[in-house]
Amino acid sequence: MSKYEHEFVHMMDDVERQLDTITNPRHQKILRNFRRHAMLEVSGRYKEILTPEMTVEEPVYRLFEDGQSIVLDGMDEVSNFYQSLAVTDTLVMWTSNSDFAVNDNGFSGETLFSQFVPGSILGDGVFGAVHDSGDADSKAPSNSASDIDPDGWYLVRRTLAFVWPYDEQGRLIGEHVYEDSASKVVTKVDPSEVISAARAAELLAPLLEKYLP
């Protein structure tokens, strides 16, 4: 197992430790929903996230990155965004150093967010690049640096602040994600180090079997 695969498999360790300290059933349900959401998403099973058991009928995502905001309003826009992640091979991402505060309305906190991104869409904003590339009438944004290899792969790491509201049933209402742009580090990686979607699903299969009902 490579160093990135090790990080990937252990992305929920911080959440696991936090769950061990929480006794409130509603708060436990919220964090378990997040754990399940994260593992399904990066395993390419995002359609299972958007079921009525896990997510409200019309979720709203607010993604703030590089001074720009993206609002995904409703199930269709959220679903299309996940599809864009799959099409651009950017579904493989993971969190670490996570610290969340949980209450009845959801959770908030910070996490180190890592994501493999192809050079062909690597601009200042990853979320925006993925979102735009899903539009047939849009062109991928120009790269912010002339030395970006459009045929290469990059690991993008940055600190994100998360605010995820949940309803009374413990279902996700939406994602509010805010980037600390000063924390972003972009590193070119060998293609052999990139975790493919198929490899991600393989790595997480034992955990999904353990945590899914």
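The values are calculated or read from the model by the stated rules, or taken from the named source; none is laboratory data. What you see is a predicted model; the values in this text were computed from it and never measured. Please note: Cβ atoms are built from the backbone with ideal geometry, for glycine as well, and neighbour counts cover all protein chains shown.
So here's what we get for this one:
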{"read-out": "Candidate set from the range 157-182 (those that are among the aliphatic types (A, V, I, L, M) and modelled with pLDDT of 95 or more); member that is surrounded by the fewest Cβ atoms within 10 Å (Cβ to Cβ)", "value": "Ala161"}
{"read-out": "Matching strands (runs of 3 or more DSSP E) fully within the range 49-149 where at least 1 residues are under 30 Å from Lys3 (Cβ atoms) and at pLDDT 85 or above", "value": "55-65, 93-103, 106-118"}
{"read-out": "Condition check for Met11: more than 14 Å from the chain's Cα centre (by Cα) and in a loop (DSSP other than H, G, I, E, B)", "value": "no"}
{"read-out": "Breaking point among (1) part of a helix (DSSP H, G or I); (2) under 23 Å from Arg157 (Cα atoms); (3) not charged (D, E, K, R), for His27", "value": "(2)"}
{"read-out": "Selection count where residues are surrounded by fewer than 16 Cβ atoms within 10 Å (Cβ to Cβ), farther than 22 Å from Asn97 by Cα and among the small types (Gly, Ala, Ser), scope the range 183-200", "value": "3"}
{"read-out": "All positions within the range 159-182 that are part of a strand (DSSP E or B), small (Gly, Ala, Ser) and in contact (Cβ under 8 Å) with a residue 60 or more places away in the chain", "value": "Gly174, Ser181"}
{"read-out": "Filter result for Glu209 (surrounded by 13 or more Cβ atoms within 10 Å (Cβ to Cβ) and charged (D, E, K, R))", "value": "no"}
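Each row is one residue, and each column tells you yes or no for (1) surrounded by fewer than 20 Cβ atoms within 10 Å (Cβ to Cβ); (2) hydroxyl-bearing (Ser, Thr, Tyr); (3) within 14 Å of Ala200 (Cα to Cα); (4) in contact with a helix residue (DSSP H, G or I) (Cβ under 9 Å, 6 or more places away or on another chain).
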{"site": "Val9", "(1), (2), (3), (4)": "yes, no, yes, yes"}
{"site": "Pro25", "(1), (2), (3), (4)": "yes, no, no, no"}
{"site": "Ile30", "(1), (2), (3), (4)": "no, no, no, no"}
{"site": "Asn33", "(1), (2), (3), (4)": "no, no, no, no"}
{"site": "Ser43", "(1), (2), (3), (4)": "no, yes, yes, yes"}
{"site": "Leu50", "(1), (2), (3), (4)": "yes, no, no, yes"}
{"site": "Arg62", "(1), (2), (3), (4)": "yes, no, no, no"}
{"site": "Gly67", "(1), (2), (3), (4)": "yes, no, no, no"}
{"site": "Leu72", "(1), (2), (3), (4)": "no, no, no, yes"}
